[in-house]
1. Is one or more of the residues making up the stretch 216-226 within 15 Å of ligand 1 (Cβ to nearest atom) and either assigned to a helix (DSSP H, G or I) or within 24 Å of the chain's Cα centre (by Cα) (or both)?
2. Which of the numbered conditions does Glu344 fail, given that it passes all the others? Conditions: (1) charged (D, E, K, R); (2) assigned to a loop (DSSP other than H, G, I, E, B); (3) in contact with a His (Cβ under 7 Å, 6 or more places away or on another chain).
3. Does Pro316 satisfy being within 16 Å of ligand 2 (Cβ to nearest atom) and modelled with pLDDT under 75?
4. I'm checking my understanding of the structure. Among residues of the stretch 333-366 that are closer than 19 Å to Val216 by Cα and among the charged types (D, E, K, R), which one is nearest to the chain's Cα centre (by Cα)?
5. Considering only the stretch 237-253, state which residues are modelled with pLDDT under 90 and either out of contact with any strand residue (DSSP E or B) (no Cβ under 7 Å at 6 or more places or on another chain) or part of a helix (DSSP H, G or I) (or both).
Amino acid sequence: MAKKKRQVRADFRKNRSNPARDRIRADAVDPQLDEAASRQSVRGKGELTRRRTLAGAEVVDDPSGAMVLPAIDPTVCRLGRVLRVQALVSLVQLEDGTQRRCATRRLLKTLATDQRHVVAAGDVAWVRPEGVHEGIIERIEPRRGVLSRTSRGKQHVLVANVDLVLAIVSAAEPRLRPHLIDRYIVTAERNGIEAVICINKIDLCNPAELQPLVGVYSQLGYRVVLASATQGWNLDDVRSALHGRHTAVAGQSGVGKSSLLNSVQPGLDRRVQTVSAENEKGRHTTTTAELIPLADGGFVVDTPGIRQFQLWDVIPAEVAGYFRDFRPYVSQCRYPNCTHLHEEPCAVKDAVADGYIDVRRYESYLQMLDDNPAR
Ligand code: GDP
Ligand code: ZN
């Protein structure tokens, strides 16, 4: 047991070796692809830590493990975005909007031994075009904003280069569960991804009653959108939150994810549902997630694996660090590894007692530890 715990800790540290903030952006919207292209020639020393050379290729460590960066010929290869990976074939959308079915260069597969998926949905890829509709992925740019799950000691990247988590809950039907908001934002924080909170179905409640809750998150710096998909309330705010972003949608079934996505772009809900159904069936296949391009820029991804947002690799001692409201107090606890549960004295518990930390947030923290015993 103790041994296992250490193992998890070690993995966690490894994953966090490059704080998200310091990582170079592997993309993001479409100017992002240009950015990745320009980096190829101007990449300076020290932008990424831990780089080495292996078989003529550069190897860097990014949040999803080691990545191989073979030299590519930019006059032949084109930059694109991996929309989905199915078995050995990746669907890549190039900058001009065309899509190609691509195989992966053998060198990438051979060298990237500690990754289950050499290529993941969301990756920025250099493709050598072949024929009219095909190509070979020659290189994947370093990732950031990775949502992953660890299984049998290997990290399974669900989607790479996500820059926004849209955490959707409903005011009623199903009843509002603020704890879920906390889980989603902890996962986002852990991966260095921004989170926007959307409380849908506000037509079913008195919005004034939501104000205390909204206040807690707003004070922490999270944007909160109160919406009603069926009444059409504040949908522009949802639309503008997604615009140009790579968004992972989180939210339990029935909260109105499909309705909201459909209001952003008609037909989007159906695409997402089809993809989710495929993923549900293919839990043990190599299918991860699919990026659905938004008509006016950006992508949305919604998969059951991401929706459930288990705190896969987060260990209890680190959870408190992802509660923004705890941060000012954590360092004042007497014990450096204080769990803020039973220890006395504890600066976090004192802050709760004094009303500086919302009691419900603290309870949510306790629940998270309960659901995620030290594994
Ligand atoms: P999903 O499972 O999260 O994708 O949720 P759906 O979009 O399928 O919505 C579930 C149910 O909630 C459907 O019957 C929708 O019509 C309903 N619904 C969605 N948004 C709203 C809303 O803002 N207000 C109300 N009253 N019902 C909504
Ligand atoms: Zn403490």
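The values are calculated or read from the model by the stated rules, or taken from the named source; none is laboratory data. What you are looking at is a predicted structure, and each value in this text was computed from that prediction instead of being measured. Neighbour counts run over all protein chains shown; Cβ positions are idealised from the backbone, glycine included.
1. Scanning the stretch 216-226, I find at least one residue that is within 15 Å of ligand 1 (Cβ to nearest atom) and either assigned to a helix (DSSP H, G or I) or within 24 Å of the chain's Cα centre (by Cα) (or both), so the answer is yes.
2. (3)
3. Taking the combined requirement at face value, the residue satisfies it.
4. Arg361
5. The answer is Gln252, Ser253.
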